[in-house]
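Single-structure report; data block below.
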Amino acid sequence: MIPADETFDGTWPFKPHFSTAAGFRQHYIDEGPADGEIVICLHGEPTWGYLYRNFIPPLSRHYRVIVPDHMGFGKSETPQDRVYTLKTHVENLEKLIDDLELDNITFVCQDWGGPITGAYTIRHPERVRRLVLMNTLFGYGGATPPGEKTEWFRWIEKHEEAGTLRGILGELGSTVLSVMKIIGFQNSAAVDDTWIRAYSAPFPDRGSCIGGIEFPLDVHYARFQEFVLARLGTGTLEAVKATPAMLAYGMEDRAIHPSWAMEDFRLLFPGAPIVELPGVGHFCQEDAPGILTAMIQQFMQMHP
């Protein structure tokens, strides 16, 4: 776990906050006016809130921006006696939101932040005001998954079948950049010693890597599907579909097929805007932060 006061040479200058509502010490940042509209930004694999460091200053000028670190990532605790599944991460988010008494939420989500947002929203549509998806999908739009796996999940399958996956992903402290490149990291110009240290810091030993190991296995073994699909017949799907939504997609994604994600989005939100970003990878927050933050603010203004 990263020390609470670590700023990574001033690139992460935000005051740390912690909640224990979910049964572990969960870090989040809370920037902007206390009475501002709520924007929650959710990261995925194998990153943490640092991914949103360039989003927070412009968005927090107008909105109350909350960026949590999932269990096992960033400055959050990595308990060894917990189950690391999509279900658990959604339950953790529910407890954090209840603890902070948040409502009328705009979610900004990428990678695993998408399925987490989607599962939360279909369970609590009355608390969600807008949805901004970036290089992710909810997974319950009904689009048919492509027959061929992406480069990332072929890599996961190869090493899981060989029995080497836990060993390799257990070394994220020294391999995080290589892993991110497999997934579709593009902006090599952003990488310096501080960047490497910031993304490596959550993973000082093998035990600290459990979250990074288990996230892709949720897909490999389809463990997440039952939980994601469980609420489709409860009548809340129509409430989700009525929520203003947009999708921005870095087309150099090697984790999620862009065509699949965009079709899943279209089936949920017909007519909602989809913006394709050529030359931008899976970690679009690193590649195009200025474009994305401007789009988010415009979208929120268009859907007051």
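The values are calculated or read from the model by the stated rules, or taken from the named source; none is laboratory data. What you are looking at is a predicted structure, and each value in this text was computed from that prediction instead of being measured. Neighbour counts are summed over all protein chains in view; Cβ atoms, including those assigned to glycine, are modelled from backbone coordinates with ideal geometry. Ligands, DNA and RNA are excluded from the accessible area calculation, which covers all protein heavy atoms including side chains. Shrake-Rupley method; radii C 1.70, N 1.55, O 1.52, S 1.80 Å.
I'd like to know if the range 180-200 contains one or more residues that are in contact with a Pro (Cβ under 8 Å, 6 or more places away or on another chain), at pLDDT 95 or above, more than 13 Å from Y50 (Cβ to Cβ) and not in a loop (DSSP other than H, G, I, E, B).
Among the residues of the range 180-200, not one is in contact with a Pro (Cβ under 8 Å, 6 or more places away or on another chain), at pLDDT 95 or above, more than 13 Å from Y50 (Cβ to Cβ) and not in a loop (DSSP other than H, G, I, E, B), which makes the answer no.
Scan the range 99-116 and tell me whether some residue there is free of Cβ contacts under 8 Å to residues at least 24 places away in the same chain, open to solvent by 60 Å² or more (accessible area, probe 1.4 Å) and not β-branched (V, I, T).
yes
I need the full set of residues from the range 267-296 which are surrounded by fewer than 16 Cβ atoms within 10 Å (Cβ to Cβ) and either in a helix (DSSP H, G or I) or in contact (Cβ under 8 Å) with a residue 40 or more places away in the chain (or both), in order please.
L267, G279, G290, I291, A294
Could you please find all residues in the range 18-47 being open to solvent by less than 10 Å² (accessible area, probe 1.4 Å), in contact (Cβ under 8 Å) with a residue 40 or more places away in the chain and within 28 Å of H303 (Cα to Cα)?
V39, I40, C41, L42, H43, G44
Between residues in the range 126-150 that are of a type in the set (S, T, Y) and residues that are outside any loop (DSSP other than H, G, I, E, B) and open to solvent by less than 10 Å² (accessible area, probe 1.4 Å), which pairs lie under 7 Å by C-beta distance while being six or more apart or on different chains?
Correct list of pairs: T136/C109; T136/Q110; T136/G113; T136/G114; T136/A261; Y140/G118; Y140/V228.
Restricting attention to the range 124-139, does a residue exist that is within 25 Å of H303 (Cβ to Cβ), under 17 Å from the mean Cα position of the chain (by Cα) and at pLDDT below 95?
Checked against the condition, which is being within 25 Å of H303 (Cβ to Cβ), under 17 Å from the mean Cα position of the chain (by Cα) and at pLDDT below 95, the range 124-139 yields at least one hit.
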